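Derivation of every value follows stated rules applied to the coordinates shown; laboratory data play no part. No experiment lies behind these values; they were computed from the predicted model shown. With ideal geometry, Cβ positions are generated from the backbone for all residues, glycine too; neighbour counts draw on all protein chains shown.
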Amino acid sequence: MIEKIKYIHDIETMMSLDIQEVMIATGLWEPRGKNVHHLEHKKKNKPRTNVFPKDNSCTCKDCGFHANSPLDVARHYKGSFSEGLKWLHEAYGIKRVPNPDYVPSPEEKRKWVNIVKKHTKNKPSTSPNLPKKKESIIKHDSFSPSMVRSVDFEKGLKIYSTLNYKNRLMIVYTTIYNFSKEGDDFMPLEYFNSRGIKKRKNMDPLGYIPVSRFSELELLLKSMFPIEDLIEFKVLTEEDHSKPLKFKLHYVKRGGLIVYPSFHKYFDLVTGFMFRPTNPESWMVESHLKEIQMTNNEICNSLPFGFTKDFIMHENAIKCVVEGGPDSHCCPEHINGKEMLFISSPGAGNLKEVQLGLLRGQTLRFMYDQDKAGRAGFWGDITLRIGLINSFIFPRDKDGLKELQEKKEELKKLKEEFYELVHDGDLHKCLRAGVTPEVCQWDSQLGDLNDILKQINKKTIPCSNMEEFLLKFVSVKKIK
């Protein structure tokens, strides 16, 4: 039983290892240029394994191998969970850590009591004057209204070669954004109409790039900027070495892309994008991939759509966070005489604590979906891992913690080994950044904000509009 083991493997450190490094260390994969190829295949041209640095995971489409963490790779390499842990422990010199569930034997307890008594007897009456250990503190962003200014984009184009990488990226991204705003009917209103969403003010910044203009955009960018920059900024990519570079989202074949831009906190240059395909491919629907990001935060920190200088400086608005783009267009623009402003987070729980410092002293209302992912995004979650493959996620709200306790009791009866990983949600990030969070809750059976709007339009919910729904059917709780 785990209570008898004094020291256990440091799973958390092992999970944080770079998955691509671990793959190569096994000898089952090898790097070829920027790609990693799977050597276990019998094929002469060993297929490429896709590595996803953001999630620290990988997938080999050819054989179906998938790893959610370096632990999965180690288990595949050594054939079992325990042997995989042992290999990572030895290969990377990761020391074992004390087991928090360890129960010492009566003999060991007596031994420790004697040691404590011995050291207490010789303990000096006053503690030595040692310097206090400094806690690591995240340096949150700040906002100074005096720094807000206009910039000359055309001048930036002319002196592009003299700019640093951060400014170059903003010039390239702003060029893409300007391209998306060309034409009178850039907005695919049919798409929003099909979702029951009417034209509103916060749609004004949106752009649109139809699939039919992808090639035109590629040629424009290649004629204006160095190829190596376009690759570095994740604008162009390659399907394989034998084919020319293409626009990153070339795999979208129908309809077009609704463009949600991210702007710099002090001026109107674009720092990143959230693209929403109007006609997503079947594999995107199956994998629940609704929106695609284009950013390079190593070069330029990108705020989510709606998180602008105007949002930060507005003094008398209800400032809200929703999941994705369409939900930000579903609520009324005003409620109880106050304007409602929205940040479109790329998924629940994905706001960066550093950026929340821009709203220090303010209140932020979270209107995430009421499903498990939405609850975990706000409240945080506890992941219960059983062995290497099986894991269960429990939001850190009242219902989630109750379910967690029931699962743990079930596993203990079965004598299953498990460990817990605790993750903070946007609630904790806000409090550390000096922001007061509010959480909205409603009947989860009603779906997300866009689902609710559709039901109001069909008159299947007993209210006439979203304002009435928010006032009658949604509870708002402020957390301090």
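Towards the positive end of the charge dipole of the chain, with charges on Cβ (+1 Lys, Arg; -1 Asp, Glu), say which of Leu220, Ser328, Val422 has the farthest Cα.
Working it through, the farthest residue towards the positive pole turns out to be Val422.
The range 254-356: which chymotrypsin sites (Phe, Trp or Tyr not before Pro) are DSSP loop and have at most 14 other beta-carbon atoms within 10 angstrom?
Counting only loop positions with at most 14 other Cβ atoms within 10 Å, the chymotrypsin sites (Phe, Trp or Tyr not before Pro) in the range 254-356 are Phe267.
Stretched out fully, how many nm does the piece from Asp62 to Asp451 gain, at 0.36 nm a residue minus the Cα gap?
Gain on extension, Asp62 to Asp451, equals 136.4 nm.
Between the helical axis of 81-91 and the dominant principal axis of the chain, each derived from Cα atoms, what acute angle in degrees is found, rounded to the nearest 10?
Value to nearest ten degrees: 90.
Can you list the residues, at least 5 places off or on another chain, whose amide H is less than 5 Å from the amide H of Arg365, using H built in the peptide plane?
Placed amide hydrogens put Lys319, Cys320, Val321, Glu438 under 5 Å from Arg365.
Given Cα pairs under 8 Å that are at least 6 residues apart, what percent is the relative contact order of the chain?
11 percent
Once you place label points 7 Å from the Cα toward the Cβ at Glu90 and Ser475, how far apart are they in nm?
5.5 nm
Add +1 for every Lys or Arg and -1 for every Asp or Glu among the other residues with Cβ under 10 Å from the Cβ of Phe263, and state the total.
0
How big is the dipole moment of the chain about its Cα centre under a simple scheme where the beta carbon of each Lys and Arg is +1, that of each Asp and Glu is -1, and everything else is neutral? Debye, nearest 20, please.
With Lys and Arg at +1 and Asp and Glu at -1, about 1620 debye.
Under the rule of at least 5 residues apart or a separate chain, name every residue whose amide H is placed under 5 Å from the amide H of Glu417.
Under 5 Å from the amide H of Glu417 lies no amide H from a residue far enough along the sequence or on another chain.
Any chance you could run the full-extension gain for Lys459 through Glu403? It's 0.36 nm times the residue separation minus the Cα-Cα distance, nm to one decimal.
Here the answer is 16.7 nm.
Loop-only trypsin sites (Lys or Arg not before Pro) in the range 398-474, please: DSSP not H, G, I, E or B, and at most 14 other Cβ atoms within 10 Å.
Lys415, Lys458, Lys459
From the cross-link list Lys234/Lys454; Lys412/Lys477; Lys155/Lys429; Lys86/Lys248; Lys155/Lys265; Lys248/Lys309, which pairs have alpha carbons spaced over 32 Å apart?
From Lys234/Lys454; Lys412/Lys477; Lys155/Lys429; Lys86/Lys248; Lys155/Lys265; Lys248/Lys309, over 32 Å: Lys234/Lys454; Lys412/Lys477; Lys155/Lys429; Lys86/Lys248.
Please list 3J(HN,Hα) in residue order for the range 258-265, calculated via the Karplus relation 6.51 cos²θ - 1.76 cosθ + 1.60 where θ = phi - 60°; whole Hz, with x for glycine and proline.
Result, rounded to whole Hz: 7, 9, 9, x, 10, 10, 4, 5.
Amide H neighbours of Phe305 under 5 Å, counting only residues 5+ apart in sequence or on other chains, H built in-plane at 1.01 Å?
Amide H neighbours of Phe305: Ser344.
Along the range 60-65, what does the Karplus equation 6.51 cos²θ - 1.76 cosθ + 1.60 (θ = phi - 60°) give for ³J(HN,Hα), rounded to whole Hz, x for Gly and Pro?
Per-residue couplings from phi come out as 10, 5, 6, 9, x, 5 Hz.
If one computes the Cα centroid of the range 11-66 and of the range 413-480, what distance in Å separates the two points?
Answer, in whole Å: 37.
Starting at the first residue of the range 463-471, write each ³J(HN,Hα) from the Karplus equation 6.51 cos²θ - 1.76 cosθ + 1.60 with θ = phi - 60°, in whole Hz, x for Gly and Pro.
Each residue of the range 463-471 in turn: 7, 8, 7, 5, 4, 5, 4, 5, 7 Hz.
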